[in-house]
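What follows is one structure encoded as structure tokens, with my remarks underneath.
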Amino acid sequence: MIGNAELLSVPVFAGLPEDQIEWFLSEAEVLQFKTGEALINGGEPADAMFVLLEGQLQARGELGGETVILNIDPGQVTGRLPFSRMKTFTFSARALTDCRILRFPESKYHDLVQKMPELTQRLVGMMTDRVREMTRREQQRDRLAALGKLSAGLAHELNNPASAARRASSQLRDILTKIRDAAHELGRRDLTATQKAEIEKMEACIIQHKDPPLDTLAMSDLEEQLDSLLRSHGQNDLWQMAAGLAQRNIQPSVLESIFAEFDPGTARAALVRIAAVAEVYGLLDEIESSTARISDLVLAIKEYTYMDQAPVQNVDIVKSLETTLTILNHKLKRGVTVQREYQRMPLLVNSFGSELNQVWTNIIDNAIDAMGGKGQLRVRTYRDDTCVVVEIGDNGPGISPEVQTHIFEPFFTTKGVGEGTGLGLDLVHRIVQKMSGFVTFKSVPGDTRFHVRIPIQGPI
């Protein structure tokens, strides 16, 4: 048995009239559970709510593909609450200790609403809080998953230029050794001032050589010509030099002038030095290009997250889109071409910059996935009266009619378990709505377009 005072000590029942408490107790039954016994099994009909009076329960269920475990303490209410659409229990609950539980049947919910309206209101509020908490957890999980994917992609993007720079710096050590040895060899020879000036002139000529790079076939032909020329002068082991000089588009006439000016031994030492200096400058170009790429990526990350900036500010829509495309380049470069059509006049909106980038990320990421990583992504901006409009389209298979009515619903996803939480477009909708804007879309096979409209001057 349970008295009125014990039930009134439960927070959700506190302060309710005695007659209502008595009615509730008359319709409920008290259950006893030993440690380890199951109160609820997942998949069973959701036909009651439970008030834990003594002991402790542990609930276990799936949320977004992950197992969630919660402990239920005395005074808490679990099970199916009034107005819940739950048909079967999506979780299981087992006694961690010996428990005493009050069970109220779902068949009496209609009477409960009539006889205990204040309790009903409290229970509905409790259910709302739980849904909000579950949504918050899913959103947090979704953000962490998205961050994980972006981090992995960015790590790959950063690793490529970093590896290139490291490889080039390592090669520089070997080449500097070649330059030192060639300089020693030239120092042993009795060169005139004119000959020394000629070597320096050729080095400067090769270093400053800025002709556009040759295509593969032309470079192969030039390398063969240079190798043949070197062999004709008895330099049969300098084929690697021929490849390096061909990459710099150095013509055979340059080598002919060296052999005409010097004896074979001096010409060889001069060529080794000149070719090594040319290779040094080629590697320096590669290091400069690689480190510039790293710097650009770091800048894009800072702009994407709005690090060191005010959270709410005037955001350039085109710059925001370009930053997002840079962040997602690791997915785009595998087979997606981007077609841009931006209005020339700057389009500024007052918004949370990082959240706006999240909108573009979610829409573009979905488009890439819809195209299977290969296709055409179209990004367009224009002004429509008092709104900035961003159109993001793809030539994927389209969104089926039966799915279109649900895509903005929380937790709705067409992806497999563990691949998506169904919060991407829901998050897009809520962020844009917070900016007093709205999102629409049209989709047929081969042409899906999302339109995001945000007031140029609107409340945040």
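The values are calculated or read from the model by the stated rules, or taken from the named source; none is laboratory data. Keep in mind that this is a model prediction, so the values were computed, not measured. So basically every Cβ, Gly included, is an ideal-geometry build from the backbone, and we count neighbours across all protein chains shown. SASA here: full protein model, heavy atoms, side chains in, ligands and nucleic acids out. Shrake-Rupley method; radii C 1.70, N 1.55, O 1.52, S 1.80 Å.
Please report, in whole Å³, the volume per residue of the convex hull around the C-alpha atoms of the chain.
Cα-based convex hull of the chain, divided per residue, equals 236 Å³.
About its Cα centre, what dipole magnitude does the stretch 41-86 give when the only charges are +1 on Lys and Arg Cβ and -1 on Asp and Glu Cβ, stated in debye to the nearest 20?
140 debye
How much of the accessible area of the chain, in percent, comes from carbon and sulfur atoms when a 1.4 Å probe is used? Intermediate results must be reported in sequence, preceding the final value.
Details: 12790 of 24500 Å².
Carbon and sulfur: 52 percent of the exposed surface of the chain.
Scale the Cα Rg of the stretch 326-384 by the rule-of-thumb value 2.2 N^0.38 Å and send over the ratio, two decimals.
Relative to the rule-of-thumb radius for its length, the stretch 326-384 sits at 1.23.
Among Leu226, Phe450, Asn71, flag the residue with its Cα farthest along the positive direction of the charge dipole of the chain, charges on Cβ as +1 for Lys/Arg and -1 for Asp/Glu.
Phe450
Rolling a 1.4 Å sphere over the protein heavy atoms, what is the accessible area per residue of the chain, to the nearest Å²?
On a per-residue basis, 53 Å².
Take the alpha carbon atoms of the stretch 21-38, find their center, do the same for the stretch 182-260, and report the distance between the two centers in whole angstrom.
94 Å
Check Leu31: other-chain or 5+ apart residues with amide H under 5 Å from its amide H, H built from backbone geometry?
Under 5 Å from the amide H of Leu31 lie the amide H atoms of Ile101, Leu102, Arg103, each far enough along the sequence or on another chain.
Calculate the dipole size of the stretch 241-366 relative to its Cα centre from +1 charges on Lys and Arg beta carbons and -1 charges on Asp and Glu beta carbons; express the result in debye to the nearest 20.
Charge dipole of the stretch 241-366: 280 debye, to the nearest 20.
Compactness ratio of the stretch 73-128: Cα Rg over 2.2 N^0.38 Å, N = residue count?
The stretch 73-128 yields a ratio of 1.22.
Hey, if you put +1 on the Cβ of every Lys and Arg and -1 on every Asp and Glu Cβ in the chain, which of Thr291, Ala182, Ser354 ends up farthest toward the positive end of that dipole?
So the residue we want is Ser354.
Quick one: of Lys87/Lys115; Lys108/Lys434; Lys115/Lys434; Lys374/Lys442; Lys333/Lys442; Lys302/Lys374, which pairs are farther than 32 Å apart, Cα to Cα?
Listed pairs above 32 Å: Lys108/Lys434; Lys115/Lys434.
Name the residue from Pro11, Asn395, Ser170 whose Cα lies farthest towards the positive end of the charge dipole of the chain, charges +1 on Cβ of Lys and Arg and -1 on Cβ of Asp and Glu.
Asn395
Just need the relative contact order of the chain here, percent rounded to a whole number, with Cα pairs under 8 Å and 6+ apart.
11 percent
Only Lys, Arg, Asp and Glu count, each charged at its Cβ (+1, +1, -1, -1), so figure out the dipole size of the chain about its Cα centre, rounded to 20 debye.
260 debye
Could you state the orientation-averaged shadow area of the convex hull built on the Cα atoms of the stretch 1-130, in nm² to one decimal?
Average projection, Cα convex hull of the stretch 1-130: 7.5 nm².
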